[in-house]
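S.K.: I'd like to ask some things about the structure below.
The values are calculated or read from the model by the stated rules, or taken from the named source; none is laboratory data. For clarity, every value in this text was computed on a predicted model and none was experimentally measured. Because the Cβ atoms are built from the backbone with ideal geometry, glycine has one as well, and the counts that use them run over all protein chains shown.
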Amino acid sequence: MNIINLPDILIGTRVPEYNDVIFYYHVSDDVDYRTKITFNSHCITLLLSGKKHIIVGDKNFFYDRNSCLLFKSGNYLSTKIAPTDKPYHSILIFFNSTALERIRHKYQDLCNHSNSKLSIQNKISISTDSYLDNFKTTIKEIFHDNSTFSSRLQLIKFEEIMLYLLEQYGKSVIDFFKTPTSYSNESMFKKIIEKNIFNLSTIEEMAFLCNMSISTFKRVFFDLYRVSPGKWIREKRLEKSAYLIGVHKKNPSEIYEEMGFSSLSSFSQSFKKRFGIAPKQYKTRGKF
């Protein structure tokens, strides 16, 4: 699975040049596929249609068109889930630290006080309201009108939405984007692993979420768990398989893909090696 670097991949092909602020209208007919995304800038995403599943750190989120997504620069795993009658549509607003600092400096009165009743804190999403819905409509019309969405106009529209967020959420908006994401400490590393055992299909995805190379990830993992990540993950998945078969009476054919096995036969062989009997026998005995 390749890594998509945003907004870098758009520059020169879909976006003329790199600016401090970039608005991009995204349409996709693809559904239900996992994408590794690295945001090299911060990003505000406004969903117009379809749904999105995001994995960041130890958290999983599902969003629809009523959500405004906030991404600080970093790594994310994303799955787009489009509706059956229309493709996935979203508006992406990329902005770098320079643009954020200009906003902080211009609106110091809002950024230096935390008297807002609402706070973004560590949220990755806020609910849209009439203002954000109207904002989305305006940006959509600019793109669909084939008008030149000049960099000056983009700066103004970015300032508009940031000012609105500041008035609603106060300094927590600036704090959210300025606080770096770090997964280097032991407790956060373990949270990412243990919360995503059944969400992530490969060690590569886990390493990506931890912002580590695969070799570094494997070394850190072994230092903490004293076993290789592949062996540990397989053991946990087999334990859950035994629970689903023995307690919930699931058929092996229903769960082997969910548990990360490529075929029913390989699942059955691994299960028998671990528990001493075949999955079907395990289900009949009701043993766990």
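S.K.: Whether any residue in the range 95-113 is assigned to a strand (DSSP E or B) and at pLDDT 95 or above is what I want to check.
M.R.: Yes, some residue in the range 95-113 is assigned to a strand (DSSP E or B) and at pLDDT 95 or above.
S.K.: Which residues, taken from the range 64-75, are within 17 Å of T35 (Cβ to Cβ) and either at pLDDT below 85 or surrounded by 19 or more Cβ atoms within 10 Å (Cβ to Cβ) (or both)?
M.R.: Within the range 64-75, L69, F71, N75 meet the criteria.
S.K.: To continue, here is another question. Among the residues of the range 76-94, which ones are at pLDDT 75 or above and of a type in the set (S, T, Y)?
M.R.: Once the filter is applied, which keeps residues that are at pLDDT 75 or above and of a type in the set (S, T, Y), the range 76-94 yields Y76, S78, T79, Y88, S90.
Every residue, every condition in (1) closer than 24 Å to E194 by Cα; (2) out of contact with any Lys or Arg (no Cβ under 8 Å at 6 or more places or on another chain), yes or no:
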position: K240; (1), (2): yes, yes
position: K249; (1), (2): no, no
position: Y256; (1), (2): yes, yes
position: R274; (1), (2): yes, yes
position: I277; (1), (2): no, no
position: K280; (1), (2): no, yes
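S.K.: Sort through S263, S241 and tell me the only one that's small (G, A, S) and buried (at least 17 other Cβ atoms within 10 Å of the Cβ).
M.R.: S241
S.K.: Would you be able to say whether some residue in the range 124-139 is at pLDDT below 85 and surrounded by 13 or more Cβ atoms within 10 Å (Cβ to Cβ)?
M.R.: Taking every residue of the range 124-139 in turn, at least one turns out to be at pLDDT below 85 and surrounded by 13 or more Cβ atoms within 10 Å (Cβ to Cβ).
S.K.: Please specify each residue of the range 196-231 satisfying the condition of being of a type in the set (F, W, Y), out of contact with any Ser or Thr (no Cβ under 9 Å at 6 or more places or on another chain) and buried (at least 18 other Cβ atoms within 10 Å of the Cβ).
M.R.: F217
S.K.: If you go through the range 1-57 one residue at a time, how many are among the β-branched types (V, I, T) and farther than 26 Å from N134 by Cα?
M.R.: 11
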